[in-house]
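Here the structure comes first, spelled out in structure tokens, and everything after it is commentary.
The values are calculated or read from the model by the stated rules, or taken from the named source; none is laboratory data. Keep in mind the model is a prediction, meaning the values are calculated, not measured. Backbone-built Cβ (ideal geometry, glycine too); neighbour counts: all protein chains shown.
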Amino acid sequence: MGLRDTYAWAISQAKGKFDGKAEERDGKLYWTGTVKTEEDKNEIWAAIKTIPSWREDVVADIKVVGGPAAAAKTYTVKSGDTLSAIAKSQLGSAGDYMKIFEANRDQLSDPDKIKPGQVLKIPA
């Protein structure tokens with residue numbers, strides 16, 4: 001199994017965000033390219049870092065070429081809200097609820113446990 005196989009999940013997470021390539025050579029996986037936002041870059045790095053040996057396996061040059069990320073939005077949870085409903089209203093897709101969950105890991109331990117009054121960061 002090659003490094004592209006080992007990092008298949010990270011490569012799949014980069015699709016649509018990363019303009020470049022992840023090329024295997026000399027026993028390393030070289031990521032070279034650009035992304036539009038710092039958030040995209042951080043998402044790719046988070047996916048790469050799920051593999052314990054990433055420090056030995058990966059050489060990356062991922063540059064942010066877009067402008068500064070849009071000002072962070074917030075949303076105050078109301079009674080009856082779910083992350084899916086918030087994602088649909090704020091991001092356009094209920095399936096993006098994990099993006100909100102990940103952006104709020106500092107205060108959420110479970111995507112099904114939100115409380116009225118919580119102020120959640122809404123990713124761009």
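Can you name the number of the only condition in (1) surrounded by 13 or more Cβ atoms within 10 Å (Cβ to Cβ); (2) aliphatic (A, V, I, L, M); (3) under 16 Å from the mean Cα position of the chain (by Cα) that Val58 fails?
(3)
Going residue by residue through the range 95-114, is there one that turns out to be closer than 20 Å to Phe18 by Cβ, touching a residue at least 24 places away in the same chain (Cβ under 8 Å), among the basic types (Lys, Arg) and not assigned by TED's automatic domain parsing to the domain that holds Tyr7?
yes
When you look at Asn104, is it closer than 30 Å to Gly2 by Cβ and either under 19 Å from the mean Cα position of the chain (by Cα) or of a type in the set (Val, Ile, Thr) (or both), yes or no?
On the way: closer than 30 Å to Gly2 by Cβ: no; either under 19 Å from the mean Cα position of the chain (by Cα) or of a type in the set (Val, Ile, Thr) (or both): yes.
For Asn104, the condition - closer than 30 Å to Gly2 by Cβ and either under 19 Å from the mean Cα position of the chain (by Cα) or of a type in the set (Val, Ile, Thr) (or both) - is not met.
Would you point out the residue of the range 1-23, among those that are small (Gly, Ala, Ser) and not in a helix (DSSP H, G or I), that is nearest to Glu102 (Cα to Cα)? Before you say what the answer is, go through the steps one by one.
Initially, the range 1-23 is screened for residues small (Gly, Ala, Ser), giving 2, 8, 10, 12, 14, 16, 20, 22.
Narrowing further to those that are not in a helix (DSSP H, G or I): 2, 16, 20, 22.
Numbers: Gly2: 29, Gly16: 19, Gly20: 25, Ala22: 25 Å.
Only one residue tops the list, namely Gly16.
From the residues in the range 24-53 that are part of a loop (DSSP other than H, G, I, E, B) and small (Gly, Ala, Ser), which one is nearest to Asn104 (Cα to Cα)?
Initially, the range 24-53 is screened for residues part of a loop (DSSP other than H, G, I, E, B), giving 26-27, 36-37, 49-53.
Filter once more, so that each one left must be small (Gly, Ala, Ser): 27, 53.
Details: Gly27: 36, Ser53: 27 Å.
Taking the candidates together, the pick is Ser53.
Going by the conditions given, is Tyr97 among the hydroxyl-bearing types (Ser, Thr, Tyr), surrounded by 12 or more Cβ atoms within 10 Å (Cβ to Cβ) and touching a Ser or Thr at 6+ places or on another chain (Cβ under 7 Å)? So that I can check it myself, show each step before the final result.
Numbers: among the hydroxyl-bearing types (Ser, Thr, Tyr): yes; surrounded by 12 or more Cβ atoms within 10 Å (Cβ to Cβ): yes; touching a Ser or Thr at 6+ places or on another chain (Cβ under 7 Å): yes.
Answer is yes for this residue.
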